[in-house]
Amino acid sequence: MKKREFRHGSIHVRLEEKIDKKGYSTFNVYLNNERVKDCKITLPEEEVDDYFVQLKKSIIDNLERL
């Protein structure tokens, strides 16, 4: 399992990623250590890093709107 995390102000976001043999990535998303949602996406492993960057930007944009 690979963990990716970042902080934005007092908000802590952590993603736990599992990649299976078929290239499916399953992400468990945690906001301040509470599980938010699961999502299953189909991405080649080499695209997962770009996906994380886009997801992080989206989360920060949405937090700043609150």
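The values are calculated or read from the model by the stated rules, or taken from the named source; none is laboratory data. Computed from a predicted model, the values in this text were never measured in an experiment. Neighbour counts run over all protein chains shown; Cβ positions are idealised from the backbone, glycine included.
Summary table below
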| read-out | value |
| --- | --- |
| Of all residues making up the stretch 16-64, the number that are among the aliphatic types (A, V, I, L, M) and free of Cβ contacts under 8 Å to residues at least 12 places away in the same chain | 2 |
| Verdict on GLU5 being modelled with pLDDT of 85 or more and touching a strand residue (DSSP E or B) at 6+ places or on another chain (Cβ under 8 Å) | yes |
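Condition check ((1) in a helix (DSSP H, G or I); (2) exposed (fewer than 14 other Cβ atoms within 10 Å of the Cβ)) across all residues:
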{"site": "GLU5", "(1), (2)": "no, yes"}
{"site": "GLU16", "(1), (2)": "no, no"}
{"site": "VAL29", "(1), (2)": "no, no"}
{"site": "GLU46", "(1), (2)": "yes, yes"}
{"site": "ASP50", "(1), (2)": "yes, yes"}
{"site": "ASN62", "(1), (2)": "yes, yes"}
